[in-house]
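Asks: My questions will all concern the structure given below.
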Amino acid sequence: MSSYVKTVLITGASRGLGRACAIKFASKNYNIVVNYNNSYDEAVNLKKELENLYHVEVLIIKADISIESEVSKMVELAISKLGHIDCLVNNAGIAIDTTFEDKTVANFRRIIDVNLIGTFLVSKYVSKYMLNCKKGKIINISSTNGIDTYYPYSLDYDASKAGVISLTHNLALEFAPYINVNCVAPGWINTDMNKNLDKDYIDEENSKILLSRFANPEEIANVVFFLASDEASYINDSIIKVDGGHKC
Ligand code: NAP
């Protein structure tokens with residue numbers, strides 16, 4: 001008799017934190033659905049790497065999470081190919097940092113569409129399946145920018161991440177007692193999202209962090225994996241800050 005292998009769907013798994021989560025879950029013998037939008041080559045390379053290293057099944061699916069028809073097809077395909085979804089990591093996100101004067105409605109809407117509506121849409125379609133099974137885990141990725149660390153040049157992003165926290169509480173209520181819905185709120189992480197920061201700015205930010213450095217994506221992925229694990233069975237409706245101790 002074959003033993004049950006869990007499946008995780010990770011949005012925005014082609015790069016950065018999503019990629020680190022895919023590696024962590026694969027190393028713990030999960031089958032992985034790698035969602036990506038633009039980074040096809042990175043998704044294909046990740047699939048090869050995970051299959052070679054961990055001998056798990058990896059399905060890569062292109063979907064813009066802000067588009068409902070793409071999300072519904074992605075979830076349908078994932079379930080038809082891998083049989084089930086045990087865990088959803090709502091990781092995909094974008095930031096478009098500018099001065100206040102340069103903020104536009106179009107960019108603000110795009111950030112809300114991806115970070116907040118995208119998280120809602122993927123949760124909506126995956127939860128239908130999880131509720132039928134009466135079990136599941138959803139982990140949303142917010143940011144300390146959504147709690148108590150504010151940067152006016154990312155006010156649109158900060159608002160979207162505050163929205164993800166509110167969404168977490170509402171989904172936990174809606175899906176109780178079957179799905180644990182939790183949220184990780186990272187501080188600064190070493191990913192492409194921060195690749196254009198200059199050294200002086202990074203030094204200034206590091207001086208506000210008790211650990212004096214940005215996180216590596218793996219350090220956040222470890223917390224995401226813990227929330228998905230059986231060890232975290234009684235953690236629900238929680239917002240976990242992982243920011244190295246940040247003093248504003
Ligand atoms: P990143 O390196 O820029 O990667 C972003 C990922 O999101 C990519 O895989 C990208 O896929 C995907 N993505 C973007 N738009 C998408 C869409 N419409 N549909 C599907 N996928 C989409 O960013 P990151 O730093 O890893 O960020 C991951 C999460 O952590 C985000 O939610 C971010 O807000 C949050 N976070 C980051 C930091 C930080 O300091 N980096 C801090 C706190 C929270 P493609 O390349 O394939 O398009």
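Values in this text are rule-based calculations from the coordinates and carry no lab data. Predicted model only: the values in this text are computed from it and were never measured. Glycine also receives a Cβ, built like all others from the backbone with ideal geometry; neighbour counts cover every protein chain displayed.
Results for (1) aliphatic (A, V, I, L, M); (2) under 22 Å from Ser80 (Cα atoms); (3) away from the ligand (no atom under 16 Å from the Cβ); (4) in contact with a Phe, Trp or Tyr (Cβ under 9 Å, 6 or more places away or on another chain), shown as yes or no for each residue.
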site	(1), (2), (3), (4)
Arg19	no, no, no, no
Phe25	no, yes, no, yes
Asp41	no, no, no, no
Ile60	yes, yes, no, yes
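Asks: Looking at region 139-150 only, could you name the residues that are among the hydrophobic types (A, V, I, L, M, F, W, C) and within 9 Å of the ligand (Cβ to nearest atom)?
Replies: Taking region 139-150 and keeping what is among the hydrophobic types (A, V, I, L, M, F, W, C), we get 139, 141, 147.
The answer is Ile141, and nothing else.
Asks: If you go through region 150-189 one residue at a time, how many are surrounded by fewer than 19 Cβ atoms within 10 Å (Cβ to Cβ), more than 15 Å from Ile138 (Cβ to Cβ) and in contact with a strand residue (DSSP E or B) (Cβ under 7 Å, 6 or more places away or on another chain)?
Replies: Residues flagged as surrounded by fewer than 19 Cβ atoms within 10 Å (Cβ to Cβ), more than 15 Å from Ile138 (Cβ to Cβ) and in contact with a strand residue (DSSP E or B) (Cβ under 7 Å, 6 or more places away or on another chain) within region 150-189 amount to 0.
Asks: Pairs please, first residue from region 98-123 and under 14 Å from Glu68 (Cα atoms), second anywhere and crowded, with 17+ Cβ neighbours inside 10 Å and charged (D, E, K, R), Cβ atoms under 6 Å, 6+ apart in sequence or on different chains.
Replies: The qualifying pairs do not exist here.
Asks: A further question follows. Can you tell me which residue among Asn182, Asn170, Asn190, Asn206 is more than 11 Å from the ligand (Cβ to nearest atom) and in contact (Cβ under 8 Å) with a residue 24 or more places away in the chain?
Replies: Numbers: Asn170 fails: in contact (Cβ under 8 Å) with a residue 24 or more places away in the chain; Asn190 fails: more than 11 Å from the ligand (Cβ to nearest atom); Asn206 fails: in contact (Cβ under 8 Å) with a residue 24 or more places away in the chain.
Just a single option satisfies the conditions, and that option is Asn182.
Asks: List pairs: first residue in region 83-95 and under 12 Å from Ala228 (Cα atoms), second residue more than 10 Å from the ligand (Cβ to nearest atom) and in a loop (DSSP other than H, G, I, E, B) anywhere in the structure, Cβ distance under 8 angstrom, at least six positions apart or on different chains.
Replies: Asp86/Lys6; Asp86/Tyr30; Asp86/Lys135; Cys87/Lys6; Cys87/Tyr30
Asks: If a residue must be of a type outside the set (Ser, Thr, Tyr), assigned to a loop (DSSP other than H, G, I, E, B) and closer than 26 Å to Ser39 by Cβ, how many such residues does region 89-101 contain?
Replies: Filtering region 89-101 for residues of a type outside the set (Ser, Thr, Tyr) gives 89-97, 100-101.
Of the ones still in play, those that are also assigned to a loop (DSSP other than H, G, I, E, B) are 91-97, 100-101.
Next, from what is left, pick out any that are closer than 26 Å to Ser39 by Cβ: 91-97.
Number of matching residues: 7.
Asks: Give region 196-229 a look and list any residue that's over 19 Å from the mean Cα position of the chain (by Cα) and of a type in the set (D, E, K, R), or say none. Even if it seems obvious, please write down each step before you answer.
Replies: So in region 196-229, the residues over 19 Å from the mean Cα position of the chain (by Cα) come out as 196-213.
Asp198, Lys199, Asp200, Asp203, Glu204, Glu205, Lys208, Arg213 - these are the residues of region 196-229 that are over 19 Å from the mean Cα position of the chain (by Cα) and of a type in the set (D, E, K, R).
Asks: Identify, by number, the condition in (1) within 28 Å of Ile23 (Cα to Cα); (2) within 15 Å of the ligand (Cβ to nearest atom); (3) surrounded by 15 or more Cβ atoms within 10 Å (Cβ to Cβ) that Gly136 doesn't meet.
Replies: (2)
Asks: I'm told Gly83 meets every condition in (1) of a type in the set (Gly, Ala, Ser); (2) out of contact with any strand residue (DSSP E or B) (no Cβ under 8 Å at 6 or more places or on another chain); (3) away from the ligand (no atom under 14 Å from the Cβ) except one. Can you identify the failing condition by its number?
Replies: Result: Gly83 passes all but (2).
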